[in-house]
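A.B. asks: Below is a structure I'd like to ask you about.
What follows draws every value from the coordinates through simple rules; no lab data is involved. Note that the structure is predicted; figures quoted are calculated from it, not measured. All Cβ positions, even for glycine, are placed from backbone atoms using ideal geometry, and neighbour counts span all protein chains on display.
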């Protein structure tokens, strides 16, 4: 029997939860994407990346818990939600809109150090707790040929910052300070801490 609901479409988050032996069920919105204004993930003008990732994660987990409450037949279990933001200075790099946008992001990141912020939140009843993982990722310099080849692979398109550290872009990372799984999208140390606080068994 599942122990929590996972409110995320990310296959990487599913894989990471399974990696540490957490039993879960998917809790997804019926629509292909969130349509309601309460879960609008657009950043506010001038909003710092740290504030943004916390705000959006809380919106996600609250909306997911409301679905548990309002949908008939759903068992009451804790709900987990997360959000990952790539920040270069105060500029946030979201999922690229197209190939040109992905190439633009990679040019910005090439030869620089950037932050990856992943917030994870757990909700059950009136209780909501959150943890934030911050990692520093340094990319080697990238020429146009490497950027074009990576974009052509199709890997950047569903990932914040236009890259996946668990995929081909691992070859771009000259240094990582922080959480590898946090950069992937779900920091397992912080997640396990939260789960234990809610008395969810973590092997």
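A.B. asks: Using Cα-only point scatterers and the Debye equation, what is log10 of I(q)/I(0) for the chain at each q in 0.07, 0.16 Å⁻¹, rounded to two decimals?
C.D. replies: Result of the Debye calculation: -0.21, -1.04.
A.B. asks: Give me the Debye-computed log₁₀ of I(q)/I(0) at q = 0.16 Å⁻¹ for the range 131-176, equal point scatterers on Cα only, no solvent, two decimals.
C.D. replies: After summing over all Cα pairs, the log10 values are -0.45.
A.B. asks: Cα extents of the range 63-107 along the three principal axes, largest first, in whole Å?
C.D. replies: Here the spans come out as 48, 22, 11 Å, largest first.
A.B. asks: Taking Cα atoms, how many degrees apart are the long axis of helix 99-109 and the longest axis of the chain, rounded to 10 and kept between 0 and 90?
C.D. replies: 80 degrees
A.B. asks: If you don't mind, there's one more thing I want to ask. Please compute the contact order of the chain in relative form: average sequence separation of alpha-carbon pairs under 8 Å and at least six residues apart, divided by the residue count, as a percent.
C.D. replies: It rounds to 23 percent for the chain.
A.B. asks: Is the range 83-125 rounded, prolate or oblate when judged by the Cα gyration tensor, a ≥ b ≥ c being the square roots of its eigenvalues, rounded requiring a/c under 1.5 and prolate requiring a/b larger than b/c?
C.D. replies: It is oblate, given that a/c is not under 1.5 and a/b is not larger than b/c.
A.B. asks: Considering the zone a paramagnetic label at residue 136 would reach in this model (a point 7 Å from Cα along the Cα-to-Cβ line), which residues of the range 167-203 have amide N under 12 Å from it?
C.D. replies: Flagged as within label range: 175-178.
A.B. asks: For the chain, modelled as a Gaussian network with Cα springs under 10 Å, which listed residue fluctuates most, 61, 69, 53?
C.D. replies: Sorting by GNM fluctuation, first place goes to 69.
A.B. asks: Which angle from 0 to 90°, rounded to the nearest 10, does the C-alpha axis of helix 49-70 make with the longest principal axis of the chain?
C.D. replies: Taking Cα atoms only, the helix is inclined about 30 degrees.
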